[in-house]
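Notes to accompany the following structure.
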Amino acid sequence: MHERLDVLRLGYRKGRDPRITTHLALVSRAFGADGFMLSGDEDKELFSNLKSVSERFGGSLDTNHVKGMSTLKQHVASGGVAVHLTMYGEPYRKAIPSIRRDRPLMIIVGGAKVPGDVYKLCQHNVAVGNQPHSEVAALALFLEAWFGDSGSDKKFEDARLVIEGTNKGKIVHEIE
């Protein structure tokens with residue numbers, strides 16, 4: 001068992017970011033995060049879609065709309081660890097061994113403009129590369145490294161649908 005792990009998406013813009021933010025939440029769920037927090041615009045439809053995915057494919061993901069900076073400040077003040085995914089940080093493979101695992105972890109994924117205070121508040125500013133890339137890829141790589149093989153091989157016991165991947169398509173199993 002691990003301490004709680006939440007992903008905080010900063011600066012969500014409902015009209016511009018729904019696809020990338022949905023993908024961040026789906027990666028969070030599939031790779032083992034306990035919660036997904038959204039700051040910026042509220043989007044109940046996005047949360048409803050995520051709940052529907054969990055109902056069909058199993059597992060759960062707590063979802064909340066929060067005030068980003070105050071949530072981050074409160075997390076750190078209460079003893080939690082904050083990791084900011086950024087292209088300007090320490091390489092993730094080097095950083096992960098030094099990140100405490102005995103405290104709740106919050107992974108911060110920025111939006112269009114990340115306030116400078118995020119870099120100061122987070123104990124770890126971590127990069128998965130120093131080239132322009134997707135925050136979805138960064139989150140997936142970090143979570144895979146954090147959880148090890150159990151990240152991408154996660155099985156959800158309460159799944160109603162299970163996808164079996166094949167070289168030529170997929171097979172969907174309905175579980176009763």
Which numbered condition Val83 misses (of (1) hydrophobic (A, V, I, L, M, F, W, C); (2) part of a strand (DSSP E or B); (3) under 16 Å from Gly111 (Cβ atoms)):
(3)
Number of the exception - Gly111 against (1) surrounded by fewer than 18 Cβ atoms within 10 Å (Cβ to Cβ); (2) closer than 17 Å to Met37 by Cα; (3) of a type outside the set (D, E, K, R); (4) in contact with a helix residue (DSSP H, G or I) (Cβ under 9 Å, 6 or more places away or on another chain)
(1)
Return yes or no: is Gly32 in contact with a helix residue (DSSP H, G or I) (Cβ under 7 Å, 6 or more places away or on another chain), touching a residue at least 60 places away in the same chain (Cβ under 8 Å) and under 15 Å from Ala140 (Cα atoms)?
yes
Note down all Cβ pairs under 6 Å where the first residue falls in the stretch 1-28 and is within 14 Å of Gly40 (Cβ to Cβ), the second is surrounded by fewer than 23 Cβ atoms within 10 Å (Cβ to Cβ) and β-branched (Val, Ile, Thr), and they're at least six residues apart or on different chains.
Leu24/Val136
So which residues in the stretch 11-38 are at pLDDT below 95, part of a strand (DSSP E or B) and surrounded by 21 or more Cβ atoms within 10 Å (Cβ to Cβ)?
Tyr12
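Within the stretch 64-119, how many residues turn out to be at positive phi and touching a His at 6+ places or on another chain (Cβ under 6 Å)? Steps first, answer last, please.
As a first pass, look at the stretch 64-119 and keep what is at positive phi: 79.
From what is left, the residues that are touching a His at 6+ places or on another chain (Cβ under 6 Å) are none.
Here the count works out to 0.
Hey, could you check the stretch 1-10 for residues that are closer than 20 Å to Glu144 by Cα and in contact with a helix residue (DSSP H, G or I) (Cβ under 7 Å, 6 or more places away or on another chain) and say which is surrounded by the most Cβ atoms within 10 Å (Cβ to Cβ)? Walk me through it before giving the result.
Filtering the stretch 1-10 down to residues closer than 20 Å to Glu144 by Cα leaves 1-9.
Applying the additional criterion that residues be in contact with a helix residue (DSSP H, G or I) (Cβ under 7 Å, 6 or more places away or on another chain) yields 7-9.
Working: Val7: 27, Leu8: 24, Arg9: 25.
It comes out as Val7.
From the list Asp158, Asp153, pick out the single residue that is closer than 24 Å to Lys51 by Cα and free of Cβ contacts under 8 Å to residues at least 40 places away in the same chain.
Numbers: Asp158 fails: free of Cβ contacts under 8 Å to residues at least 40 places away in the same chain.
Answer to the selection: Asp153.
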Filtered residues of the stretch 39-49 (kept if buried (at least 16 other Cβ atoms within 10 Å of the Cβ) and either in a strand (DSSP E or B) or basic (Lys, Arg) (or both))
Ser39, Gly40
Filtered residues of the stretch 1-29 (kept if closer than 13 Å to Val136 by Cβ and hydrophobic (A, V, I, L, M, F, W, C))
Val7, Ile20, Leu24, Ala25, Leu26, Val27
Residue, farthest from the chain's Cα centre (by Cα), within the stretch 77-94, restricted to residues that are farther than 19 Å from His133 by Cα and surrounded by 14 or more Cβ atoms within 10 Å (Cβ to Cβ):
Gly80
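Do we have Ala159 as touching a Gly at 6+ places or on another chain (Cβ under 9 Å), assigned to a loop (DSSP other than H, G, I, E, B) and surrounded by 14 or more Cβ atoms within 10 Å (Cβ to Cβ) here? Please lay out each step first, then the result.
Working: touching a Gly at 6+ places or on another chain (Cβ under 9 Å): yes; assigned to a loop (DSSP other than H, G, I, E, B): yes; surrounded by 14 or more Cβ atoms within 10 Å (Cβ to Cβ): yes.
Judged against the criteria, Ala159 is a match.
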What pairs can you find where one residue is in the stretch 39-68 and within 20 Å of Ala112 (Cα to Cα), the other is exposed (fewer than 13 other Cβ atoms within 10 Å of the Cβ) and of a type in the set (Phe, Trp, Tyr), and their Cβ atoms are less than 6 Å apart, with a gap of 6+ or different chains?
none
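The values are calculated or read from the model by the stated rules, or taken from the named source; none is laboratory data. What you see is a predicted model; the values in this text were computed from it and never measured. A quick note on method: Cβ atoms are made from the backbone with ideal geometry, for glycine too, and the neighbour counts reach across all protein chains shown.
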